[in-house]
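One structure is given below, encoded as structure tokens.
The values are calculated or read from the model by the stated rules, or taken from the named source; none is laboratory data. No experiment lies behind these values; they were computed from the predicted model shown. Don't worry about glycine lacking a Cβ; one is built from the backbone with ideal geometry, like all the others, and counts go over all protein chains shown.
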Number of protein chains: 2
Amino acid sequence: MNTILYPSREKWAEILQRPAVNPFELEETCKTICEEIIKHGDDILRKYTWYFDRVKLDDIEEPEEEIQESASLVDPDLQQAIRNAKKNIEAFHRLQLSAPKTYVNENGFRCWQEERPIEKVGLYIPGGNAPLFSTVLMLCIPANIAGCKEIFLCTPPGKDGKINPAILWTARLCGVTRIFKVGGIQAIGALAIGTETIPKVDKIFGPGNHFVTAAKQWVTRYRTAIDMPAGPSEIMIVSDDSATPAYIAADLLSQAEHGPDSQAILVTNREDIAIRVKQETERQLGELPQGSMAFKAQEHIRLIVLNDLEECIEMVNQYAPEHLILNIRDYLSFTKKVQHAGSVFLGNYSPESAGDYASGTNHTLPTNGYARSYSGITVDAFRKKISFQEIFREGLSYLGNTIETMAANELLEAHRKAVSIRLKEEPLK
Amino acid sequence: MNTILYPSREKWAEILQRPAVNPFELEETCKTICEEIIKHGDDILRKYTWYFDRVKLDDIEEPEEEIQESASLVDPDLQQAIRNAKKNIEAFHRLQLSAPKTYVNENGFRCWQEERPIEKVGLYIPGGNAPLFSTVLMLCIPANIAGCKEIFLCTPPGKDGKINPAILWTARLCGVTRIFKVGGIQAIGALAIGTETIPKVDKIFGPGNHFVTAAKQWVTRYRTAIDMPAGPSEIMIVSDDSATPAYIAADLLSQAEHGPDSQAILVTNREDIAIRVKQETERQLGELPQGSMAFKAQEHIRLIVLNDLEECIEMVNQYAPEHLILNIRDYLSFTKKVQHAGSVFLGNYSPESAGDYASGTNHTLPTNGYARSYSGITVDAFRKKISFQEIFREGLSYLGNTIETMAANELLEAHRKAVSIRLKEEPLK
């Protein structure tokens, strides 16, 4: 943990530095695996599942029996919790559907947009020690509300060759079409390219380690879209004297336990708060289980004291954090000033874990400063817009001169003629 | 021109094939130029402007005097045409702004989204024989409506070292902040990385040749977003016996004149229409200026006859064209069946050039099959969404058990504690 008092603005960039990522590092590996998938399909998925996950894969696709069986293997309390979360996530995401509006020009034409679901989507759920069923909720629910026809899920099998029942049960609950027991670069490659078993999809979603992240970036070469580039998870907390240091410490640690690269930063206008947060963080760290990632990540925790809250918000906008907690008295008067952030939590009783799981907002968010240009996952990410225009003869007469003048000046004679040929004659029929 | 009668479905993929693009071809060049920009900044822009464009660049930034002077150099008729087009484009794009909706849970919490403009955007306008001022309109207007603070424009200088006045005048009219006389890979690299003169932007927009396209894809490594990958322009026209062959021929040729790689495809349920369109296309080709690109591109024109209109729409959805003209009698009953397309033109009097210039819809659209997953440029492309949540103590009590159960099952103990620490005590203050 590092406390930094009243740094000058020239120092901000250095203080806010994120862990460097070498974007080229894994490209050769991604290229090799993708080219092998193109040539040999499923066999390559088996090969790398053995190589990376040490699992001999018979069925690439999760069999229906095991999906059904999951209902009896998931603790009923957890099932109820997942159902509760689903209700809020659905309600929040349903509000994101928007009705098309039409521009009617009274001179004889109209233009409008219509939305369509992206037909085939691939969702990636990382493996690891714990089953990330919450990410299943966060990806499947908007895909379903968007109306995607085919929702495929890839996740690496555990050491026993199986997918955790909580993942299977949540996937079924949320309407996933098919589930594949493949992870890592080979899963992303398969979804982008297609194999005998795994269909090629139009867009790939979901978090992952640096292999998955590199693969997602790589496969955009194969006419596949991706949700967003990803980096280590981050939180920035802004607090004044209305904040409870113990809560802030808990939030910093909940971020830190995501992994050794996690970024957790407090920005405050009160030196005493920084001191008490430091003490509390050290105390609470002692209460966490031995193996917690938070022990490693706590060295990245930064406690920064600035002159006032305005300056704190400036720092927020420079950093563009994935998660932002505004733990300040008058938070609603500051929300409009937040320009760059993924998800914002307001006040003393809005911990990040509420948004991670159950309040309804999405937890798949832009990291690594990408909050400057990307939104988190919304229903929109699973849809696209088509524009339509209906021009009547009078409308084209009205627009004709404008189009012809512009086309002529861009030296596009056939563009001009497509209008003039329609106008020179009397209307047909 | 190639006429294909009643092809079997197995043949469709082959018939609809697009020109192959090698995504790796230009990567080494992009890498080299970007790495040079990181080291030497502006000097490298001058170097490659000499190397590729044969122009000795003194000022990288377009001087204010020349921008002002452009008003006296652009034909007043063209100025009026551009103003007319701007009015429709603005009206159509303003409808895309949406009001945030809030999910209020009566148990004590609420979640909502707010939109923010992407702060700094870079717009690329290709060079070439003609000044593409229409693309300036199509990129600047939504950027401005979105509220982007800094709108930078890059375009290669002409042989005389200058930017065409029509580009300058349109850029000023639409509120571009600064204009740079740089094109190609070096322009995209500069916008992504930043130099002494050109600021780093958050997102890059705009069409370009295969150098620009490769560079846009490449620079996503530098924490820059791009609008969409691009390929050669395309049109698909669906017609029945209500269509006028001469209009269809004009539309096919207006697509063909974009470049030798342009794709123009007619799909019809009437053999006689295909024959007459072929004759008309050959006739109209004779009326185009000698140097027209349409001569080269016409060999790619395909006239496909299918059994009925339902089958035609299926082929549309398999191809996912950038532009689609539904030149059929009962077009409104088919719009809902169109799943994948960039922009759709309805009836006899909606030529593509209307949408290219003046009806109000955007002409920057997904090509190369990307209409399966991407929208054309909208105001949304220049904005991003931030989610907010405000949870009161009662709200957290209500959600607490759900969050704690889920966190515990994902083995994220600190996530669980961030909730329990807030609930275990009496409310503070």
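Brief remarks on what is shown
- Within the range A:71-172, strands (runs of 3 or more DSSP E) holding 2 or more residues that are of a type in the set (K, R) and either at pLDDT 95 or above or surrounded by fewer than 24 Cβ atoms within 10 Å (Cβ to Cβ) (or both): A:109-117
- Criterion (on the phi > 0 side of the Ramachandran plot and crowded, with 24+ Cβ neighbours inside 10 Å) met by exactly one of B:G360, B:G376, B:G369: B:G360
- Residues that are within 30 Å of A:P232 (Cβ to Cβ) and among the small types (G, A, S) were ranked within the range A:92-135; the one that is nearest to the other protein chains (Cβ to nearest Cβ) is A:A130.
- Residue match in the range A:205-213 (condition: in contact (Cβ under 8 Å) with a residue 12 or more places away in the chain, within 11 Å of another protein chain (Cβ to nearest Cβ) and either in a helix (DSSP H, G or I) or more than 24 Å from B:L412 (Cα to Cα) (or both)): no
- Single unsatisfied condition, B:A13 versus (1) in contact (Cβ under 8 Å) with a residue 60 or more places away in the chain; (2) surrounded by 12 or more Cβ atoms within 10 Å (Cβ to Cβ); (3) part of a helix (DSSP H, G or I): (2)
- Candidate set from the range A:112-143 (those that are over 16 Å from the mean Cα position of the chain (by Cα) and free of Cβ contacts under 8 Å to residues at least 60 places away in the same chain); member that is farthest from A:D75 (Cα to Cα): A:G128
- Verdict on A:T224 being touching a residue at least 12 places away in the same chain (Cβ under 8 Å), within 11 Å of chain B (Cβ to nearest Cβ) and among the polar types (S, T, N, Q): yes
- Check on A:D330, within 13 Å of the chain's Cα centre (by Cα), at pLDDT 95 or above and surrounded by fewer than 24 Cβ atoms within 10 Å (Cβ to Cβ): no
- Residue that is more than 30 Å from A:C312 (Cβ to Cβ), at pLDDT below 95, at the interface with another protein chain (Cβ under 7 Å from one of its Cβ atoms) and not in a strand (DSSP E or B), where the choices are A:L399, A:L411: A:L411
- Scanning the range B:343-361 for residues that are part of a loop (DSSP other than H, G, I, E, B) and at the interface with chain A (Cβ under 7 Å from one of its Cβ atoms) yields B:G347, B:Y349, B:S350, B:P351, B:A358, B:S359, B:G360, B:T361.
- The set of residues in the range A:64-81 being closer than 29 Å to B:R110 by Cβ and more than 7 Å from chain B (Cβ to nearest Cβ) consists of A:Q79, A:Q80.
- B:F152 meets the stated requirement of being in contact with a strand residue (DSSP E or B) (Cβ under 8 Å, 6 or more places away or on another chain) and either within 15 Å of B:L45 (Cα to Cα) or touching a residue at least 12 places away in the same chain (Cβ under 8 Å) (or both).
- Candidate set from the range A:89-117 (those that are of a type in the set (D, E) and out of contact with any strand residue (DSSP E or B) (no Cβ under 8 Å at 6 or more places or on another chain)); member that is farthest from B:N362 (Cα to Cα): A:E90
- Residue match in the range B:181-198 (condition: over 30 Å from A:I421 (Cα atoms) and assigned to a strand (DSSP E or B)): no
- Condition met for A:A230 (of a type in the set (A, V, I, L, M), assigned to a loop (DSSP other than H, G, I, E, B) and modelled with pLDDT under 95): yes
- The residues of the range A:414-424 that are within 18 Å of B:V277 (Cα to Cα) and either at pLDDT below 95 or at the interface with another protein chain (Cβ under 7 Å from one of its Cβ atoms) (or both), listed by number, are A:A414, A:H415, A:K417, A:A418, A:V419, A:I421, A:R422.
- Under the condition of being in a loop (DSSP other than H, G, I, E, B) and either within 18 Å of A:A99 (Cβ to Cβ) or within 7 Å of another protein chain (Cβ to nearest Cβ) (or both), the residues counted in the range A:369-392 number 7.
- Close Cβ contacts (under 7 Å, 6 or more residues apart or on different chains) running from residues in the range B:17-41 that are in the same structural domain as B:A214 (by TED's automatic domain parsing) to residues that are exposed (fewer than 15 other Cβ atoms within 10 Å of the Cβ) comprise B:G41/B:E196.
- Per-region count, the range A:263-286, residues in contact with an Asp or Glu (Cβ under 9 Å, 6 or more places away or on another chain) and farther than 23 Å from A:N368 by Cα: 4
- The set of residues from the range A:252-272 being out of contact with any strand residue (DSSP E or B) (no Cβ under 6 Å at 6 or more places or on another chain) and buried (at least 22 other Cβ atoms within 10 Å of the Cβ) comprises A:L253, A:S254, A:E257, A:S262.
- Complete set of residues in the range A:13-72 that are in contact with a strand residue (DSSP E or B) (Cβ under 8 Å, 6 or more places away or on another chain) and closer than 17 Å to A:I198 by Cβ: A:I60, A:E61, A:E62, A:I67
- Meets criteria (at pLDDT 95 or above and either within 14 Å of chain A (Cβ to nearest Cβ) or over 18 Å from the mean Cα position of the chain (by Cα) (or both)) for B:T195: yes
- Scoring A:P289 on the criteria (1) at the interface with chain B (Cβ under 10 Å from one of its Cβ atoms); (2) without any contact (Cβ under 8 Å) to a residue 12 or more places away in the chain; (3) out of contact with any Asp or Glu (no Cβ under 6 Å at 6 or more places or on another chain) leaves a single failure, condition (3).
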